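One structure below.
The values are calculated or read from the model by the stated rules, or taken from the named source; none is laboratory data. Predicted model, so just to flag it, every value in this text is computed and none were measured. We place every Cβ from the backbone using ideal geometry, glycine too, and count neighbours over all the protein chains shown.
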């Protein structure tokens, strides 16, 4: 098998929660050796986020945590111990990249700010990602992705115009920012490859997320028009909506941007005159007419017929549909990986495919401290006696 | 930000795009790459995407302007031999070519990829497709909303008494563009080290799946399909509905005071909230009747949750956005205002970090501030915003450039 792009790349990974670990997962799944350093007194917070195996919370039982930690090694250290650098310093010397997503100030408190790290390893690249960013009056204000999305305008653009804004599923800024943080990290790695120079890369997850509404921010400044949430309506579309079908919570998206698509839609739904009339009356009437026609139909069958006629259509997939989706199956999106406490679960693979250097999810997420000894001996060269000494001093979990 | 040393100095990118490919090219341009757009005569169709804004001499797409800052534009008709020759000459000198499905069919991509890769084996060919490449669904029509649906996100958004509701901006396409920028750079890093170019394809559907965070695990582990929510939802595989959007005196905030994970930050946040409520004389027993964020936080009954949050909701309704935000930042309460777009423009945190940069675009007569400083790089800062190109503004420059390359050979 050909090697991954990052074969040989070494990462000391202090990332936690979602945004950070999703970023470093792209490194580990592409061949990098990623050592996730957790404080065993304060492990990664999403180990405490569901779903849990058998619905019983436990430090090694979270599927939420697991999905972001494929192919990583797990090491548990007491980061509050005054001698923590006895272990972390050699790890930083070993690493090409140090990554963290703590509240700003945490790494500095531990003697691991960028200036400290650069003294230990002058070629180091440091990636630091936080909700609000490392500087500014809100830098230490806590929050999760829902708060991040709210500040970035995502809720403002989501929901019905006659109702309060809706919070989209997920910690939304946690899923936008990894794409940008990885892009910046890659640029830093390319720069180091060409010049030998490391650097400090710092991102605010909210700033990455605001990129999604950048066009609306320009529009507002130039025209004074502030875009608003408008349900499923879309400016410029002939028709754009989500309609109920038969079955439990089955919904179909149908969208017509062109007159050709419109003609195909009215023929496929089988009531051309009624739809023409409804279109003339207005969008509410059109939605109502379409909903009446979709209601007795199977969403999957209707979607197939509309697509075949050239009309963009889609079933609103549930989680269970994703695991059975033929497209994702054909693309080998899911990776079954075995975990000692959680059994075999299908992990999400990446959104990209390399033609010549395939991504490989090599192992399930690490249990807390699962690879501490392996990292200490095989990667850092400590002896058994050294490790016993660290354990006696309470440094290792 | 600076116009000095940049990370992708000397990296040449050819972009043949609509929206998502342009987002990719924009990120690379910000990092210092030389990004050359290949457009048909008169400009690519995305220049007319909504919303349109008035500019000197007419109208142009706000989206197009924002995602094409700092690029060059060469016009060529790719349906002609002369146009293909222009493409080939550019591809010969390129490090990355990026394209997307809204601009070109798979067949057109294949035709151009074959030309580019024959001329330049080290080139990275990056393509953004609805479902990725290489299966029976390659030709299925797709849009941002259908992909929000097929990525499993749409189903989970919106009030339960109405249909699922989309996020009202093309989040799937934009995120796929951002994903393509990192995937293209990963492939370029490989090419830089080995001389081996390759194709990388990005699936918009899979990008949307990555916004779900725990949905596919929730099904596998609990056979649970999370029901959609709007202001209220069953969050993170909770068994009870939690309120996420809270009305206040003059707007809405996002807040998770009790229940359903969050660790020590949520415990401290709740303590700070209780302190504030006590200052206002609100000390209802229910607020401290149990450890709301400790053991058992995932198994609170709906009735208990509703009772405690009703007290909290009435308190929040007496406060303004400014009062709530100021106190939250000072006392680390896990609360944030739901910003309107106007609020984002005046946010003090953005101002303190110089996140918005001024774009001076004399040709369009625009002077605006844009959110361009999306990463701080100590040695190779992002470029300050430069205007998006007029269609074909650099055709002559690159024609000369290509001639020089030819004669140098």
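When you look at residue B:43, is it at pLDDT below 95, surrounded by fewer than 23 Cβ atoms within 10 Å (Cβ to Cβ), closer than 24 Å to residue B:366 by Cβ and away from chain A (no Cβ under 14 Å), yes or no? Steps first, please.
Working: at pLDDT below 95: no; surrounded by fewer than 23 Cβ atoms within 10 Å (Cβ to Cβ): yes; closer than 24 Å to residue B:366 by Cβ: yes; away from chain A (no Cβ under 14 Å): yes.
Answer is no for this residue.
Which residues, taken from the stretch A:34-47, are surrounded by fewer than 22 Cβ atoms within 10 Å (Cβ to Cβ), under 20 Å from the mean Cα position of the chain (by Cα) and facing another protein chain (nearest Cβ under 9 Å)?
Filtering the stretch A:34-47 down to residues surrounded by fewer than 22 Cβ atoms within 10 Å (Cβ to Cβ) leaves A:39-43, A:45.
If we keep only those that are under 20 Å from the mean Cα position of the chain (by Cα) as well, we get A:43, A:45.
Scanning the stretch A:34-47 gives a single hit, A:45.
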Exercise for the section: Take residue B:70 and decide whether it is in contact (Cβ under 8 Å) with a residue 40 or more places away in the chain, touching a strand residue (DSSP E or B) at 6+ places or on another chain (Cβ under 7 Å) and buried (at least 24 other Cβ atoms within 10 Å of the Cβ). Expected result: no
Problem - Residues being touching a residue at least 60 places away in the same chain (Cβ under 8 Å) and under 20 Å from the mean Cα position of the chain (by Cα) - total across the stretch B:40-67 - result: 5
Practice task
Examine the stretch A:368-381 for a residue that is surrounded by 21 or more Cβ atoms within 10 Å (Cβ to Cβ) and within 14 Å of chain B (Cβ to nearest Cβ), and state whether such a residue exists.
Solution key: no
Exercise for the section: Test each condition in (1) without any contact (Cβ under 8 Å) to a residue 40 or more places away in the chain; (2) under 37 Å from the mean Cα position of the chain (by Cα); (3) away from every other protein chain (no Cβ under 14 Å) for residue A:276 and report the one that comes out false. Expected result: (2)
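Tell me, please, whether a residue that is at pLDDT 95 or above and more than 9 Å from chain A (Cβ to nearest Cβ) can be found in the stretch B:133-141. Working first, answer last.
In the first step, residues of the stretch B:133-141 are kept if they are at pLDDT 95 or above; the result is none.
No.
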Exercise for the section: Mind counting the residues in the stretch A:148-199 that are in a helix (DSSP H, G or I) and either buried (at least 24 other Cβ atoms within 10 Å of the Cβ) or within 7 Å of another protein chain (Cβ to nearest Cβ) (or both)? Expected result: 28
Problem - Among the residues listed as A:356, A:346, the single one being in a loop (DSSP other than H, G, I, E, B) and either surrounded by 14 or more Cβ atoms within 10 Å (Cβ to Cβ) or touching a strand residue (DSSP E or B) at 6+ places or on another chain (Cβ under 9 Å) (or both) - result: A:356
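Working carefully through the options A:127, A:112, find the one that is assigned to a loop (DSSP other than H, G, I, E, B), at pLDDT 95 or above and more than 9 Å from chain B (Cβ to nearest Cβ).
Details: A:127 fails: assigned to a loop (DSSP other than H, G, I, E, B).
Of A:127, A:112, the one residue that is assigned to a loop (DSSP other than H, G, I, E, B), at pLDDT 95 or above and more than 9 Å from chain B (Cβ to nearest Cβ) is A:112.
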Practice task
With the checklist (1) loosely packed, with under 15 Cβ neighbours inside 10 Å; (2) within 26 Å of residue A:54 (Cα to Cα); (3) without any contact (Cβ under 8 Å) to a residue 12 or more places away in the chain in hand, flag the one item residue B:301 doesn't pass.
Solution key: (3)
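Report, by residue number, each residue of the stretch B:261-298 that is touching a residue at least 40 places away in the same chain (Cβ under 8 Å) and either within 11 Å of another protein chain (Cβ to nearest Cβ) or over 13 Å from residue B:313 (Cα atoms) (or both).
Within the stretch B:261-298, B:262, B:265, B:266, B:268, B:269, B:272, B:275, B:276, B:298 qualify.
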Practice task
Scan (1) touching a residue at least 24 places away in the same chain (Cβ under 8 Å); (2) more than 7 Å from every other protein chain (Cβ to nearest Cβ); (3) under 30 Å from residue B:99 (Cα atoms) for the single condition residue B:241 breaks and write down its number.
Solution key: (3)
Handout entry: Whichever residue in the stretch B:135-164 is free of Cβ contacts under 8 Å to residues at least 24 places away in the same chain and under 15 Å from residue B:100 (Cα atoms) and, among such residues, is nearest to the chain's Cα centre (by Cα)
Key = B:143
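If I filter the stretch A:341-359 for residues that are away from chain B (no Cβ under 14 Å) and out of contact with any helix residue (DSSP H, G or I) (no Cβ under 8 Å at 6 or more places or on another chain), do I get at least one hit?
Our first condition is that a residue be away from chain B (no Cβ under 14 Å); within the stretch A:341-359, this holds for none.
No, that holds for no residue.
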Practice task
Go through B:334, B:321 for me and flag whichever is outside the structural domain of residue B:94 (by TED's automatic domain parsing) and modelled with pLDDT under 95.
Solution key: B:334
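Specify the residue that is farthest from residue B:198 (Cα to Cα); the eligible residues are those in the stretch B:112-132 that are in a loop (DSSP other than H, G, I, E, B) and either without any contact (Cβ under 8 Å) to a residue 12 or more places away in the chain or more than 7 Å from chain A (Cβ to nearest Cβ) (or both). First the steps, then the outcome.
Narrowing the stretch B:112-132 to residues in a loop (DSSP other than H, G, I, E, B): B:120-123, B:130-132.
Okay, now just the ones that are also either without any contact (Cβ under 8 Å) to a residue 12 or more places away in the chain or more than 7 Å from chain A (Cβ to nearest Cβ) (or both), so B:120-123, B:130.
Numbers: B:120: 11, B:121: 8, B:122: 7, B:123: 7, B:130: 20 Å.
Filtering first and then ranking leaves B:130.
Check A:31, A:20, A:63, A:74 and return the single one that is surrounded by fewer than 24 Cβ atoms within 10 Å (Cβ to Cβ) and modelled with pLDDT of 95 or more.
Values: A:20 fails: surrounded by fewer than 24 Cβ atoms within 10 Å (Cβ to Cβ); A:63 fails: surrounded by fewer than 24 Cβ atoms within 10 Å (Cβ to Cβ); A:74 fails: surrounded by fewer than 24 Cβ atoms within 10 Å (Cβ to Cβ).
Of A:31, A:20, A:63, A:74, the one residue that is surrounded by fewer than 24 Cβ atoms within 10 Å (Cβ to Cβ) and modelled with pLDDT of 95 or more is A:31.
Report yes if some residue within the stretch B:322-340 is buried (at least 20 other Cβ atoms within 10 Å of the Cβ), more than 14 Å from every other protein chain (Cβ to nearest Cβ) and either in contact (Cβ under 8 Å) with a residue 12 or more places away in the chain or in a loop (DSSP other than H, G, I, E, B) (or both); otherwise report no.
So the first thing to find is which residues in the stretch B:322-340 are buried (at least 20 other Cβ atoms within 10 Å of the Cβ), and the list is B:324-325, B:328-329, B:333-339.
Remaining after also requiring more than 14 Å from every other protein chain (Cβ to nearest Cβ): none.
Taking every residue of the stretch B:322-340 in turn, none turns out to be buried (at least 20 other Cβ atoms within 10 Å of the Cβ), more than 14 Å from every other protein chain (Cβ to nearest Cβ) and either in contact (Cβ under 8 Å) with a residue 12 or more places away in the chain or in a loop (DSSP other than H, G, I, E, B) (or both).
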Completion exercise
Over the stretch A:218-233, the set of residues within 7 Å of chain B (Cβ to nearest Cβ) and without any contact (Cβ under 8 Å) to a residue 60 or more places away in the chain is A:218, A:219, A:220, A:221, A:222, A:223, A:226, A:232
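Could you say which residue among B:152, B:132 is at positive phi, crowded, with 18+ Cβ neighbours inside 10 Å and touching a strand residue (DSSP E or B) at 6+ places or on another chain (Cβ under 7 Å)?
Numbers: B:152 fails: touching a strand residue (DSSP E or B) at 6+ places or on another chain (Cβ under 7 Å).
Of B:152, B:132, the one residue that is at positive phi, crowded, with 18+ Cβ neighbours inside 10 Å and touching a strand residue (DSSP E or B) at 6+ places or on another chain (Cβ under 7 Å) is B:132.
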